[in-house]
Amino acid sequence: MQFIQLVISGIAQGCIYGLIALGFVLIYKATETVSFAQGELMMLGAFGGLGVMSFMGLPYWAAVLGAIAGMALFGMLLERLVIRPILGQPAFSIVMLTIGIGYVARGAITMIPGIGTETQALPVPYKDQVLNAGPLLLNVEQLVVIAATAVLSALLYALFRYSKVGIAMQAASQNQLAAYYMGIPVQRLNNLVWGLAAAVAAIAGLLLAPITFVHANMGFIGLKAFPAAVVGGFGSLPGALVGGLVIGTVESLSGFYLPEGFKDVAAYVVVLVMLMVRPNGLFGERLRKKV
Amino acid sequence: MRFLFKTSYAQDIRLARHGGHVFWYGLLALFLVAAPWLASEYLLSQLTFILIYGIVGLGLMLLAGYTGLFSIGHAAFFGVGAYTEAVLAGMGWPFVLSLPLAAMLAAATGVVVGLPALRVKGIYLGMATLSFGFVVAEVFARWESVTGGNAGKSVNAAKAFGWTAEAGAPFYYLCLLLAAVATLACLNLLRSSTGRAFVAIRDSEVSAQSMGIALARYKTLSFAISAALAGLGGGLYAHHIHFISPDQFDIIQSIDLLLMVVVGGLGSIHGAFLGAIFLIGLPQAISAVKDYLPAAVGQAPGLKAVVYGGVLVAFVLFEPLGLYGRWLKVRTYLQLFPFYRKGMFKRQKSFQKSDRLK
Amino acid sequence: MNAPDTPPPTDALLQARDISVRFGGVMAVNKVSFDVRRGEVFTLIGPNGAGKTTVFNLISRLYAPTSGRITYDGQDLARQPPHKVASLGIARTFQNIELFEYATVLQNLLIGRHTHRRTGFWQDILFTPAARRAEIEAREKVEQVIDFLDLQHHRDSLVAGLPYGVRKVVELGRALCTQPRLLLLDEPSSGLNVEETEDMAFWIQDIQRDLGITVLMVEHDMSLVSRVSDRVLAMNQGEVLAMGSPREVQAHPGVVEAYLGTIEDVSSLRREVA
Amino acid sequence: MNVESAYGPIKAIRGVSLQVRRGEVATVLGSNGAGKTTILKTISGIIDPRKGSVQFKGEDITAQDPAYIVEQGLSHVPEGREVFPLLSVHDNLLMGAYTRRDRDGVARDMEAVYRYFPILKERAAQDAGLLSGGQQQMLAISRALMASPDLILLDEPSLGLSPKLTKEIFEIVVRINRERGTTLLLVEQNANMALNAADYGYVLENGRIVMEDTCGRLREKDDIKEFYLGMKDAGVRGERRWKKKKTWR
Amino acid sequence: QQQGVSKTEILVGTIQDLSGPLAGYGKQARNGMQLRIDELAEQQGGIHGRKIKLLVEDDGYDPKKAVLAAQKLVNQDKVFIVAGHLGTAPNMAAMPVQFEKNIVNFMPITAAREMYEPTNRLKYSFAATYYDQIRLALPKMVKDKQAKKVCSIYQDDDFGLEVQRGAEAGAKAAGMEIAEKTTFKRGATDFSSQVARLKAANCDLVVLGTIIRETIGTIAESRKTGFNPTFLGSSAAYTDLIHKLGGKPMDGLYATMTVQHPYLDEASQPIRFWAAKYKTKFNEDPTVFSAYGYLIMDEFIQAALKAGPNLTTDSFIKAMDSMSFPADMFGGPPQSYTATKRLGNDQSRLSQIQNGKWVVVSDYVKP
Ligand SMILES: Nc1ncnc2c1ncn2[C@@H]1O[C@H](COP(=O)(O)OP(=O)(O)OP(=O)(O)O)[C@@H](O)[C@H]1O
Ligand SMILES: Nc1ncnc2c1ncn2[C@@H]1O[C@H](COP(=O)(O)OP(=O)(O)OP(=O)(O)O)[C@@H](O)[C@H]1O
Ligand SMILES: [Mg+2]
Ligand SMILES: [Mg+2]
């Protein structure tokens, strides 16, 4: 019973990692860059939701919609202002850029007097509710995360697999020049991707807020989502989810059964092992250049 | 404008290409040697930090800028060096022995990390190094009998042969000497076959291999050298800062190191030191100017992060070649004056290509 | 492993025996055998996707054969790690050009000297007189190749900005810098115009005759093929179709059918339009 | 159009003017680095010209967004294949038709290119990056055809193709031109083929047009014969030492 | 000539985290200090004719930056004293820089023993250490609650370790062992396996080496899984955020503390008055950290006044070493310093969250 309860907590926590990892994978799949600002976008989304609820006094669903839409716009704006000018530069420049954006976002939030340095709670309607399934405990906050992650990853998977726009995004990331030749509006798609990623981040932020509270440094949880994305295979959306679950359960179990300290590095050990055994992750494609 | 007439191949492998080089670098050396008399104590300490970070930057530059392997866990090597030095200095070892040992131990760690590098590239390598960094940081925190755990560890001054490199000028000279040696070593490496092998691996692994370059060997070598320099820097850092604790070698530190080489200018030796100047100088600059800002901004928490991030973003946007790139432009402008044309460094459109296939 | 190697006939530098490679459902190379004799120019031809490049990749050990063996100078190539192939004296060019883009032409060629370096890591780092001498010596060798291929003009340009044709020549140069005994050329003339193809033909002949290097090449330009090759092997769908002198192979009905095509006169195109 | 383009401070083409009439096949010849590719890239908006303008169907498309230009009915077979390596062959073709809205037409054209190159149909589900060089070239050509354009720019379409396929490609070119009235601008090293398939030709050297004429007449010129068609007495070895250099610089 | 002291001015340096994980505390501490300085200027006019100027540096809770900040304050700005530096590791890094120049490290805001041990004439510390807090409070709690099994959960860093050591010492004093101990990393969000461990060990008293979110996370997770031991936190968990964010489940948590949280509707009139003043000035509610900052500056002013017009490091130390401060308005205990006793007072008292508010439930716990 203990074991199952631990696995359940692990799954719940894993879904959180998976949810954030979805953002990474989304950006990676569509632009071949890694966004280190994803955690910060999530933080902004949570603050956005908080703003709508606490300061504008609107109900929860309005906050959800507002934050998601607002963040999507913000993501697009961000793309327009700072990503687009260096579109086409090596992916690594963009990685650096996102690190910079992360700093600015964290600092800017901290600078807001009276709010930025505080930790706040987002009053959600389902706060602190627990479902008892027999002897097992299911936390509603976590169930919501699990459901949302599953739905989102299915939607995004369909986008990349079946829609023309989704395929075009991948095409543009694989060979931008050729994408231009094909008349793919690379910049517009990129704009869309960043908007989407920011919206996904906002969703993650809103869902996480009841669990981790809202504060300027909440984005650091993204560091745990990296291992999730790697274990799943960086280019795979279902992989992000599965990777998150793996990391979550391993953490949960190792926290209970292994000596102290293992829980904190479990995620990273799993990544190292994974990279040794299957360098491209569980769902990552085997890549080999043909010459 | 300078025209060089080359008369022998040896000219091409000389470090100083012409009289101008000799003159300017001579001047720089003179300034650095005279710094303890010229600079205030505070500035000298900053300069020492710059030299230390410059050494680490050299290593990372070699790895990221020349071999094309990005490490997001370099603080681990930095930390291995720092802790080794702290422990050995605590046991009374002379630094002439302990510093090389610190570098070697870091190099050994580097080899271990280099192993996954043989199999993974790009972002996967980044994640492997990142994970490794976390694991090493955890070891620093848990191995209390050696590292002092989270309580941290104080570090004695560097000593050898009855001489103590006290804080201030003596320690500064020690760092200066080592930085100079490290720079020379890197320059030498880069103008010889080993350095070219690194560049080859960066640009195309397949054809590097078919040119007879053993990928495994050179990638590990690159990691080892890079880690050794980080370890050396770490050893000096430990002395300079007197107190080390595991959280000084976390992911933030790794990212700072990476930022340093990017801002400095990937793929140039100058960049390592320019980046170090930036990394150490910027926070100081911010706190210097913030008193002049309106209190609502100047005194607000978070200002530092905003400016730091903002400057970074601006760099990537406007000067992708980093500080060194900027310097090149200024130099060309001065050399060509008044013939400099505006479009000269106009950025060309470039197109991203998947680096998953290399 | 168990049976001692039967010594190959003395004049065969490279022997392929029944080599096969399968990629998923595709049999890219299927039981192909051939010998490349010392000092000859041996050409592989065949329709697109016949498996010619795959044969090259097998020789340079980028792929491992599913079955069969390749011996080079009496050694089993399968035992060599990929980077050792170059030091055995096998150099190659690539169909799609694989140069070191962000290095100068000179540096590219110097990298070609890698197998001949005589200094170790410590010598390099100290830049000892030995390293200095080695550098200058390498440079001299490279300059010979530059002269041979008329590349003086491009010595210090970054490869990234060079026109296609020049890159092809640089790649050839890089392969020559390794001082190979066997040179693998994958479509040396593709992307070159008639004039340049002619230069290429001269170079290949010089390489064969003056430098004494055995050449194995893949080529689609039949005039070049018949001009320089001693023997030709035609492949189709991974299998050997014909082998012999250029003239024989070109006359082989299977080759004509699968590879050369039957329209003889290109001016037919014109008449259709007119 | 009349353009001047440069890569940074290096001028690649200088004041080139050329015209392609509706429904005709034009070709540009020139040795390595003459600037042929640069011209094509300038036309399709990948490079912005320093000076000059590009007109397409009476509209000024100078320095327009490449996506817009493609939408106007111009497609490009780039030099060096440039397929999307990690997409399947089918998806690659689909991307060729990105700007099109008519599903039926796309399906029909897909069938058509599969007929031209049956191997592509066979490999429809394979990653394009794993195709052989020539197969990738076929894919690049097919992908451009999928846009069902009014003007196709072909940059060395025969690169790496077998002799048989090379001929077939030119047949296809001619057929498309005739059946659909598609205009083509062809850059080709195989001058013999190009001059036979095209109506009008330009000769480009060092970024300048040095000669232009109908293909019929170009074929008769001595210099063209010698330098582009390779028609001269089969020389003996050592010929290169006294080789005649081009004179029109 | 004493650095940092001029005819009209005394330069006081402080290093706070203004951009890192504790940016909130850093800001509040700074504001508290500034409030006292402004009061000085308005009410007394100065210390022997000198005004205090506060120089603030941001170290982002990073030891390396702390060294740089300390170097700037000491060597460039030439401050007289560094007061109220936040955080253990940053203090550890900064102290050598200060000591080299004979600069006092005055009342750092951290409750680690290293702040006064090993003794150095330049160290002064006011806060009862986490170690002492728990060491003294635990036996009392064990007795009061008749606990059978004492366990601990603590943050995996220097702070958590101090609490843990205090818990071990306290348990020993009560004649027990720590039955189960478990840790987490700073910034952790999931405590399920840790709580499962504690629950599996049947703990009935759990010592929390936690700060804010971790305190809430641990308690919330426990309540959910029906695990209801007595929780005892340190002064790091004594903040109004616990009940504000954690809500109902936080009721019943004990924490050791000295300085009382200045609620705006506090019963005690001076605190209420003080809190209102703070709120007007900085437009935010004061916290314990504001109070710390205020008190530190207050003590500095008292000592500097006593040191006389010729203010030097030596005269200041001489004054400090015979100082005793009475209990302050926030309920902090009386403090006294001598040349060998550099911790003002090692005692703390217990508060409990009752109905969503901290209530002091014990007097200072005597050993
Ligand atoms: N790594 C691989 N994975 C899957 N299939 C492959 C791989 N490499 C080659 N192939 C397939 O094997 C066949 C032979 O390819 P190869 O590159 O050898 O052809 P080729 O003879 O060089 O043709 P071309 O003249 O077009 O270059 C092709 O059908 C190709 O799709
Ligand atoms: N990215 C670039 N940077 C700098 N110079 C370039 C770049 N691309 C091309 N050039 C230069 O522009 C000139 C024209 O190049 P272009 O590619 O148009 O030639 P081309 O006629 O297509 O040659 P090829 O037959 O080899 O394809 C060449 O001299 C080349 O060196
Ligand atoms: Mg091929
Ligand atoms: Mg071209």
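The values are calculated or read from the model by the stated rules, or taken from the named source; none is laboratory data. It should be emphasised that the depicted structure is a prediction, and the values quoted were computed from it without experimental measurement. Neighbour counts are summed over all protein chains in view; Cβ atoms, including those assigned to glycine, are modelled from backbone coordinates with ideal geometry. What goes into the accessible areas is simple: the full protein's heavy atoms, side chains included, and nothing from ligands, DNA or RNA. Shrake-Rupley method; radii C 1.70, N 1.55, O 1.52, S 1.80 Å.
Could you list, in sequence order, all residues of segment C:166-179 that are open to solvent by less than 10 Å² (accessible area, probe 1.4 Å) and away from ligand 3 (no atom under 16 Å from the Cβ)?
C:VAL170, C:LEU172, C:GLY173, C:ARG174, C:ALA175, C:CYS177, C:THR178 - these are the residues of segment C:166-179 that are open to solvent by less than 10 Å² (accessible area, probe 1.4 Å) and away from ligand 3 (no atom under 16 Å from the Cβ).
Checking the condition open to solvent by 10 Å² or more (accessible area, probe 1.4 Å) and either within 16 Å of ligand 4 (Cβ to nearest atom) or within 11 Å of chain A (Cβ to nearest Cβ) (or both), which residue from D:GLY80, D:GLY45 passes? Show your work before the answer.
Working: D:GLY45 fails: open to solvent by 10 Å² or more (accessible area, probe 1.4 Å).
Just a single option satisfies the conditions, and that option is D:GLY80.
Those residues that are assigned to a helix (DSSP H, G or I) and within 16 Å of ligand 3 (Cβ to nearest atom), I need them from segment D:121-150; list them, please. Before you say what the answer is, go through the steps one by one.
Step one: list which residues in segment D:121-150 are assigned to a helix (DSSP H, G or I), which gives D:121-122, D:128-130, D:133-145.
Matches in segment D:121-150: D:ALA128, D:GLY129, D:LEU130, D:GLY133, D:GLY134, D:GLN135, D:GLN136, D:GLN137, D:MET138, D:LEU139, D:ALA140.
Could you say whether any residue in segment A:35-54 is hydroxyl-bearing (Ser, Thr, Tyr) and open to solvent by less than 20 Å² (accessible area, probe 1.4 Å)?
Step one: filter segment A:35-54 for residues hydroxyl-bearing (Ser, Thr, Tyr), giving A:35, A:54.
Then drop every residue that is not open to solvent by less than 20 Å² (accessible area, probe 1.4 Å), which leaves A:35.
So far as segment A:35-54 goes, yes, one or more of its residues are hydroxyl-bearing (Ser, Thr, Tyr) and open to solvent by less than 20 Å² (accessible area, probe 1.4 Å).
Please verify whether D:THR62 is within 16 Å of ligand 4 (Cβ to nearest atom), open to solvent by less than 40 Å² (accessible area, probe 1.4 Å) and away from chain A (no Cβ under 11 Å), treating the condition exactly as stated.
It is false that D:THR62 is within 16 Å of ligand 4 (Cβ to nearest atom), open to solvent by less than 40 Å² (accessible area, probe 1.4 Å) and away from chain A (no Cβ under 11 Å).
Got a sec? Which of D:VAL83, D:VAL70, D:VAL28 is within 16 Å of ligand 3 (Cβ to nearest atom) and at pLDDT 85 or above?
Numbers: D:VAL70 fails: within 16 Å of ligand 3 (Cβ to nearest atom); D:VAL28 fails: within 16 Å of ligand 3 (Cβ to nearest atom).
Answer to the check: D:VAL83.
Within segment A:78-92, track down each residue that is open to solvent by 10 Å² or more (accessible area, probe 1.4 Å), farther than 19 Å from B:GLY122 by Cβ and in contact (Cβ under 8 Å) with a residue 60 or more places away in the chain.
Pass one, segment A:78-92, residues open to solvent by 10 Å² or more (accessible area, probe 1.4 Å): A:78, A:80-82, A:84-85, A:87, A:89-92.
If we keep only those that are farther than 19 Å from B:GLY122 by Cβ as well, we get A:78, A:80-82, A:84-85.
Matches in segment A:78-92: A:LEU78, A:ARG80, A:ARG84.
Taking segment E:219-231 only, how many residues are of a type in the set (Val, Ile, Thr) and in a loop (DSSP other than H, G, I, E, B)?
First, the residues of segment E:219-231 that are of a type in the set (Val, Ile, Thr): E:219, E:225, E:230.
Restricting the remaining residues to those that are in a loop (DSSP other than H, G, I, E, B) gives E:225.
Qualifying residue count, segment E:219-231: 1.
Determine whether segment B:281-300 contains at least one residue that is open to solvent by less than 10 Å² (accessible area, probe 1.4 Å) and in contact with a Gly (Cβ under 8 Å, 6 or more places away or on another chain).
For segment B:281-300, residues open to solvent by less than 10 Å² (accessible area, probe 1.4 Å) and in contact with a Gly (Cβ under 8 Å, 6 or more places away or on another chain): absent.
Among the residues of segment C:184-198, is any open to solvent by 10 Å² or more (accessible area, probe 1.4 Å), within 11 Å of ligand 2 (Cβ to nearest atom) and in the same structural domain as C:LEU109 (by TED's automatic domain parsing)?
No - not one qualifying residue is present in segment C:184-198.
I'd like to check something: does segment D:230-247 contain any residue that is at the interface with chain C (Cβ under 8 Å from one of its Cβ atoms), modelled with pLDDT under 85, open to solvent by less than 10 Å² (accessible area, probe 1.4 Å) and touching an Asp or Glu at 6+ places or on another chain (Cβ under 9 Å)?
No, that holds for no residue.
Of the residues that sit in segment C:62-84 and are surrounded by 17 or more Cβ atoms within 10 Å (Cβ to Cβ) and within 14 Å of ligand 1 (Cβ to nearest atom), which one is modelled with the highest pLDDT?
That would be C:PRO65.
If we scan segment E:14-29, do we find a residue that is open to solvent by 10 Å² or more (accessible area, probe 1.4 Å), of a type in the set (D, E, K, R) and touching a Gly at 6+ places or on another chain (Cβ under 8 Å)?
No, every residue in segment E:14-29 fails to be open to solvent by 10 Å² or more (accessible area, probe 1.4 Å), of a type in the set (D, E, K, R) and touching a Gly at 6+ places or on another chain (Cβ under 8 Å).
When both residues are 6+ apart or on different chains and their Cβ atoms are under 7 Å apart, which pairs have a first residue that lies in segment C:159-170 and is closer than 17 Å to C:PRO188 by Cα and in the same structural domain as C:VAL194 (by TED's automatic domain parsing), and a second that is open to solvent by 40 Å² or more (accessible area, probe 1.4 Å) and near ligand 2 (Cβ under 6 Å from one of its atoms)?
none
Which of the numbered conditions does B:LEU118 fail, given that it passes all the others? Conditions: (1) open to solvent by less than 40 Å² (accessible area, probe 1.4 Å); (2) within 13 Å of chain A (Cβ to nearest Cβ); (3) in contact (Cβ under 8 Å) with a residue 24 or more places away in the chain; (4) out of contact with any Ser or Thr (no Cβ under 7 Å at 6 or more places or on another chain).
So B:LEU118 meets the others, but not (1).
State all residues of segment A:1-25 that are more than 13 Å from A:GLN142 (Cβ to Cβ) and surrounded by 24 or more Cβ atoms within 10 Å (Cβ to Cβ); if no residue qualifies, say none.
Across segment A:1-25, the qualifying residues are A:ILE20, A:ALA21, A:LEU22, A:GLY23, A:PHE24, A:VAL25.
Only one residue in B:ALA208, B:ALA228, B:ALA214 is over 27 Å from B:LEU312 (Cβ atoms) and touching a residue at least 24 places away in the same chain (Cβ under 8 Å). Which one? Write out each step before concluding.
Working: B:ALA208 fails: touching a residue at least 24 places away in the same chain (Cβ under 8 Å); B:ALA214 fails: touching a residue at least 24 places away in the same chain (Cβ under 8 Å).
Exactly one of B:ALA208, B:ALA228, B:ALA214 is over 27 Å from B:LEU312 (Cβ atoms) and touching a residue at least 24 places away in the same chain (Cβ under 8 Å), namely B:ALA228.
Say we look at segment A:93-108 and pick out the residues that are within 7 Å of another protein chain (Cβ to nearest Cβ) and open to solvent by 10 Å² or more (accessible area, probe 1.4 Å); which of these is farthest from B:LYS304 (Cα to Cα)?
Filtering first and then ranking leaves A:SER93.
Just name the residue that is nearest to A:HIS215 (Cα to Cα) out of those in segment E:246-270 that are modelled with pLDDT of 85 or more and aliphatic (A, V, I, L, M).
That would be E:MET250.
Looking at C:LYS52 and the list (1) farther than 23 Å from D:LEU161 by Cα; (2) within 16 Å of ligand 3 (Cβ to nearest atom), which single condition is not satisfied?
Going through (1) farther than 23 Å from D:LEU161 by Cα; (2) within 16 Å of ligand 3 (Cβ to nearest atom) one by one, C:LYS52 breaks only (1).
May I ask you to list the residues in segment C:133-165 that are open to solvent by 80 Å² or more (accessible area, probe 1.4 Å) and more than 14 Å from ligand 2 (Cβ to nearest atom)?
If the condition is that a residue be open to solvent by 80 Å² or more (accessible area, probe 1.4 Å) and more than 14 Å from ligand 2 (Cβ to nearest atom), then C:ARG133, C:GLU140, C:GLN144, C:ASP147, C:ASP150 are the ones that fit.
Can you name the residue in segment B:242-258 that is surrounded by fewer than 22 Cβ atoms within 10 Å (Cβ to Cβ), among the aliphatic types (A, V, I, L, M) and in contact with a helix residue (DSSP H, G or I) (Cβ under 7 Å, 6 or more places away or on another chain) and is also nearest to C:TYR102 (Cα to Cα) among such residues?
So the residue we want is B:ILE255.
For segment A:146-249, which helices (runs of 4 or more DSSP H) that fit wholly inside it have 1 or more residues that are away from chain D (no Cβ under 14 Å)? Give the derivation first.
On the way: elements: A:164-174, A:176-181, A:186-212, A:222-232.
Because the criterion is at least 1 residues that are away from chain D (no Cβ under 14 Å), the helices (runs of 4 or more DSSP H) in segment A:146-249 that meet it are A:186-212, A:222-232.
Which residue is nearest to the other protein chains (Cβ to nearest Cβ), if the candidates are limited to segment E:200-218 and must be more than 17 Å from the chain's Cα centre (by Cα) and part of a loop (DSSP other than H, G, I, E, B)?
For segment E:200-218, the residue satisfying everything is E:ALA201.
Regarding segment C:60-74, can at least one residue be identified that is more than 16 Å from ligand 3 (Cβ to nearest atom), in contact (Cβ under 8 Å) with a residue 24 or more places away in the chain and within 18 Å of B:TYR218 (Cβ to Cβ)?
Scanning segment C:60-74, I find at least one residue that is more than 16 Å from ligand 3 (Cβ to nearest atom), in contact (Cβ under 8 Å) with a residue 24 or more places away in the chain and within 18 Å of B:TYR218 (Cβ to Cβ), so the answer is yes.
Mind checking which residues of segment E:162-182 are in a helix (DSSP H, G or I) and open to solvent by less than 20 Å² (accessible area, probe 1.4 Å)? Before the answer, list the steps.
Residues of segment E:162-182 that are in a helix (DSSP H, G or I), as a first pass: E:162-173.
Within segment E:162-182, E:GLU162, E:VAL163, E:GLN164, E:GLY166, E:ALA167, E:GLY170, E:ALA171 meet the criteria.
Which of the following residues is surrounded by 23 or more Cβ atoms within 10 Å (Cβ to Cβ) and within 30 Å of E:GLN2 (Cβ to Cβ): E:ASN102, E:ASN120, E:ASN91?
E:ASN91
Tell me, yes or no, whether segment E:36-48 has at least one residue that is buried (at least 24 other Cβ atoms within 10 Å of the Cβ) and at pLDDT 90 or above. Spell out the reasoning first.
Filtering segment E:36-48 for residues buried (at least 24 other Cβ atoms within 10 Å of the Cβ) gives none.
The answer is no; no qualifying residue exists.
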